[in-house]
Amino acid sequence: MIDIYGTLGPSCHSEQVLTEMFLSGMTGIRLNLSHISLRESAHQLDIFHTAASRAGVRPLLLVDMQGPELRIGRLPAPLMMCEDEITVLFDEEIGDDERLSLRRKGGTAIPVPQVVFQALHKGEEILMDDGRLLLRVTEVSDFLARAQIVRGGMLSGRKSIKVVGADIHPPTMTAADRMNIRDAAQFGVTGIMQPFVRNRGDLVTVKNTLRENGAGDLQLVAKIENREGMAQLDSLLPVCDAVCIARGDLGNDMDLWELPAAQKKIAAACREAGRYFMVATQMLASMENRAVPTRAEVNDIFNTVADGASGVMVTGETAVGQYPVDVIRFLAATAKEGEKYRTAN
């Protein structure tokens with residue numbers, strides 16, 4: 001049976017909606033810990049487990065760790081980034097005096113991790129929010145950079161950031177990751193997703209941390225989100241329990257037309273190794289605002305399962321979309337058809 005994952009968020013916070021999602025075929029859910037901790041999610045997780053019980057489902061709960069993924073800092077409110085305008089980026093480690101000076105000047109100012117700021121140079125391109133926004137650096141000073149908005153849109157805090165072509169290597173785990181692992185058992189977590197896995201050492205570090213904190217029985221899912229992880233796949237597969245082909249950031253690390261072949265290659269390697277794999281990102285993206293998916297999306301889900309995927313996952317579609325129950329219904333029904341085809345052929 002194919003695992004059907006939604007993502008927890010404001011659109012599915014009620015017990016009724018979650019119950020309907022389980023009854024429509026959802027078997028598990030993803031909780032993104034980039035913005036919140038397990039302790040801060042306690043009330044919502046109680047509702048999640050109650051809904052699963054009402055639906056007669058023993059749910060899977062995957063928590064997506066912070067890991068080495070780079071994100072902008074928190075913003076007081078979402079920013080509308082308009083094309084051709086200039087925005088300001090600043091090192092989030094700057095002191096209070098510099099922050100006050102920025103606020104007095106007004107305009108848009110985006111905090112970025114120091115490790116990212118140190119890699120900024122004039123002419124470099126920056127991707128934000130899984131590549132939805134594109135900026136080009138025009139000027140860099142001690143703790144400020146200016147960038148022209150090439151591809152605009154609405155930007156919220158804690159979204160992903162990537163300097164195109166830059167070799168930036170943050171630590172494998174954060175202090176928040178370690179705290180959430182210690183708390184995992186009491187909240188019913190069944191597995192963790194380690195983002196931006198770069199090499200075998202990343203997974204060994206996580207496994208050791210799980211073991212040291214009495215969580216060695218949790219499923220370890222390696223998220224493949226860049227070329228570096230793809231290149232190391234043969235050495236990663238023996239160390240993890242499952243792989244997630246995370247097409248958001250993976251698509252940022254290559255031309256988009258290369259992404260389908262990358263997914264096929266990872267899927268083939270997982271099949272050969274007998275390793276469970278799932279696929280995520282934009283499986284039903286149009287359904288954030290529409291009650292019916294596109295034919296292309298349905299084909300994508302079907303072919304993903306026909307290619308051997310053991311799980312499919314939606315993110316914003318259920319977290320913030322308008323039709324979370326319908327999303328799960330289409331995802332589950334299409335995956336079931338893909339599984340029938342795979343079995344018959």
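The values are calculated or read from the model by the stated rules, or taken from the named source; none is laboratory data. Since the structure is predicted, the reported quantities are computational estimates derived from the model, not experimental observations. A quick note on method: Cβ atoms are made from the backbone with ideal geometry, for glycine too, and the neighbour counts reach across all protein chains shown.
Please work out which residue is nearest to the chain's Cα centre (by Cα), limiting yourself to segment 3-47 and to residues that are among the small types (G, A, S) and outside any helix (DSSP H, G or I). Can you show your working first?
Taking segment 3-47 and keeping what is among the small types (G, A, S), we get 6, 9, 11, 14, 24-25, 28, 34, 37, 41-42.
So of that shortlist, the ones also outside any helix (DSSP H, G or I) come out as 6, 9, 14, 24-25, 28, 34, 37.
On the way: G6: 12, G9: 13, S14: 22, S24: 23, G25: 22, G28: 16, S34: 9, S37: 15 Å.
Per the criteria, the residue is S34.
Name the single residue that is surrounded by the most Cβ atoms within 10 Å (Cβ to Cβ) among those in segment 95-113 being farther than 19 Å from D253 by Cβ and at pLDDT 90 or above.
That would be I110.
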Hits in segment 184-214 (condition: in contact with a Lys or Arg (Cβ under 9 Å, 6 or more places away or on another chain) and crowded, with 18+ Cβ neighbours inside 10 Å)
F187, M193, Q194, P195, F196, V197, T209
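Here is a yes/no grid of residues against (1) surrounded by fewer than 20 Cβ atoms within 10 Å (Cβ to Cβ); (2) out of contact with any Ser or Thr (no Cβ under 8 Å at 6 or more places or on another chain):
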{"residue": "I4", "(1), (2)": "no, no"}
{"residue": "V17", "(1), (2)": "yes, no"}
{"residue": "S24", "(1), (2)": "no, yes"}
{"residue": "I29", "(1), (2)": "no, no"}
{"residue": "H35", "(1), (2)": "yes, yes"}
{"residue": "E40", "(1), (2)": "yes, yes"}
{"residue": "Q44", "(1), (2)": "yes, yes"}
{"residue": "A51", "(1), (2)": "no, no"}
Pair list, Cβ < 6 Å and 6+ apart or interchain, from segment 72-98 residues that are farther than 25 Å from P170 by Cα to residues that are part of a loop (DSSP other than H, G, I, E, B) and at pLDDT 85 or above:
P78/S156; M81/G152; C82/G152; E83/G152
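Do the conditions hold for A280, that is, is it in contact with a helix residue (DSSP H, G or I) (Cβ under 6 Å, 6 or more places away or on another chain), surrounded by 18 or more Cβ atoms within 10 Å (Cβ to Cβ) and in the same structural domain as D64 (by TED's automatic domain parsing)?
no
To keep it simple, each residue is scored yes or no on (1) among the aromatic types (F, W, Y); (2) at pLDDT below 95; (3) part of a helix (DSSP H, G or I); (4) on the phi > 0 side of the Ramachandran plot.
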| position | (1), (2), (3), (4) |
| --- | --- |
| F302 | yes, no, yes, no |
| V312 | no, no, no, no |
| G321 | no, no, no, no |
| A332 | no, no, yes, no |
Condition first: surrounded by 16 or more Cβ atoms within 10 Å (Cβ to Cβ), modelled with pLDDT of 90 or more and among the hydrophobic types (A, V, I, L, M, F, W, C). Now tell me which residues in segment 145-178 satisfy that.
A145, A147, I149, L155, I161, V163, M173
Residue hits (segment 114-130; modelled with pLDDT of 90 or more and in contact with a helix residue (DSSP H, G or I) (Cβ under 8 Å, 6 or more places away or on another chain)) are L127
Within segment 240-261, work out how many residues are within 22 Å of Y5 (Cβ to Cβ) and either in contact with a strand residue (DSSP E or B) (Cβ under 8 Å, 6 or more places away or on another chain) or surrounded by fewer than 17 Cβ atoms within 10 Å (Cβ to Cβ) (or both).
13
In segment 44-71, how many residues are among the acidic types (D, E) and in contact (Cβ under 8 Å) with a residue 40 or more places away in the chain?
2
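State whether one or more residues within segment 135-154 are small (G, A, S) and either over 16 Å from V112 (Cα atoms) or in contact with a Gly (Cβ under 6 Å, 6 or more places away or on another chain) (or both). Let's see the steps before the verdict.
Step one: filter segment 135-154 for residues small (G, A, S), giving 141, 145, 147, 152-153.
Right, trim to either over 16 Å from V112 (Cα atoms) or in contact with a Gly (Cβ under 6 Å, 6 or more places away or on another chain) (or both) and you get 152-153.
Yes, there is a match, as at least one residue in segment 135-154 is small (G, A, S) and either over 16 Å from V112 (Cα atoms) or in contact with a Gly (Cβ under 6 Å, 6 or more places away or on another chain) (or both).
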Read through the list (1) surrounded by fewer than 18 Cβ atoms within 10 Å (Cβ to Cβ); (2) more than 30 Å from T205 (Cα to Cα); (3) polar (S, T, N, Q); (4) in contact (Cβ under 8 Å) with a residue 12 or more places away in the chain, then give the number of the only condition that S235 fails.
(2)
Could you list, in sequence order, the residues of segment 241-293 that are at pLDDT 95 or above and assigned to a loop (DSSP other than H, G, I, E, B)?
D241, G274, R275, T281, Q282, M283, L284, N289, R290, A291, V292, P293
Odd one out for A222, checked against (1) at pLDDT 95 or above; (2) more than 27 Å from H121 (Cβ to Cβ); (3) over 17 Å from the mean Cα position of the chain (by Cα)
(3)
